[in-house]
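The values are calculated or read from the model by the stated rules, or taken from the named source; none is laboratory data. A quick note: this is a predicted structure, and the numbers were derived from the prediction, not measured. All Cβ positions, even for glycine, are placed from backbone atoms using ideal geometry, and neighbour counts span all protein chains on display. Ligands, DNA and RNA are stripped out before the accessible areas are found, and what is left, the full protein with its side chains, is counted by its heavy atoms. Shrake-Rupley method; radii C 1.70, N 1.55, O 1.52, S 1.80 Å.
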Amino acid sequence: MIDLVLYGPSGPQPLGHPAPVRVELRNTGGHDLWIAGVLDGSENGVRFPRYRPTITRAGEGEGEGDGGGEHLGAAGSGAVVASPAPAEDPLVGPLRPADLRTLAPGESWDPTSGPGCLPLMTFAHFAPRRPGRYRYTLTLDTDAARPEDWLGGFGVPVGSAREDLLALVARVPRTRVVADPVEVDFR
């Protein structure tokens, strides 16, 4: 019912500059789809929806980076050279009703654009210093154990406003979607 699509640039990209990688969510179902974009805390996993980007470099040994100062980790098909940094502070802004939107059947939307939405900083800041082929991946996870995991850390509404917001959150399908990776060649 949800397609998550990454679009990369055509042709090689210059070293030392981020590649313009775009994100698109598509409603492939037959009914309206409720969803939220990238919110404060979504990228580093503090809150739902979780948008988890990762960039790997093919051919690197586990745990090796490209010297670009990126957050390092392990991956199955190369070394992780960029991923969200751990949250410095678990408090994130409150979810607002306007943060949730509907996509009609067949409609597409960039979850990093629009009111309340943030860019994926992992993609926006990654500027490798070593030439090579880099693989961009993104996972969307809306499957919170508790609807309250969507609300944020401060300024959360109370009473009927809270109940109304939780009713909107309940409309979001609980799923985990992984975009097909995009490879970008840096020279």
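Summary of values
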| item | result |
| --- | --- |
| Top-ranked residue of segment 116-136 - restricted to ones that are of a type in the set (D, E, K, R) and assigned to a loop (DSSP other than H, G, I, E, B), ranked as least open to solvent (accessible area, probe 1.4 Å) | Arg130 |
| Top-ranked residue in segment 1-60 [being acidic (Asp, Glu) and touching a strand residue (DSSP E or B) at 6+ places or on another chain (Cβ under 7 Å); ranked as most open to solvent (accessible area, probe 1.4 Å)] | Asp32 |
| Condition broken by Tyr134, with the remaining ones in (1) modelled with pLDDT under 95; (2) under 24 Å from Arg57 (Cβ atoms) satisfied | (1) |
| Tally, over segment 137-187, of residues that are in a strand (DSSP E or B), within 22 Å of Thr28 (Cβ to Cβ) and open to solvent by less than 60 Å² (accessible area, probe 1.4 Å) | 7 |
| Residue in segment 16-54 that is nearest to the chain's Cα centre (by Cα), counting only those that are hydrophobic (A, V, I, L, M, F, W, C) and outside any strand (DSSP E or B) | Val38 |
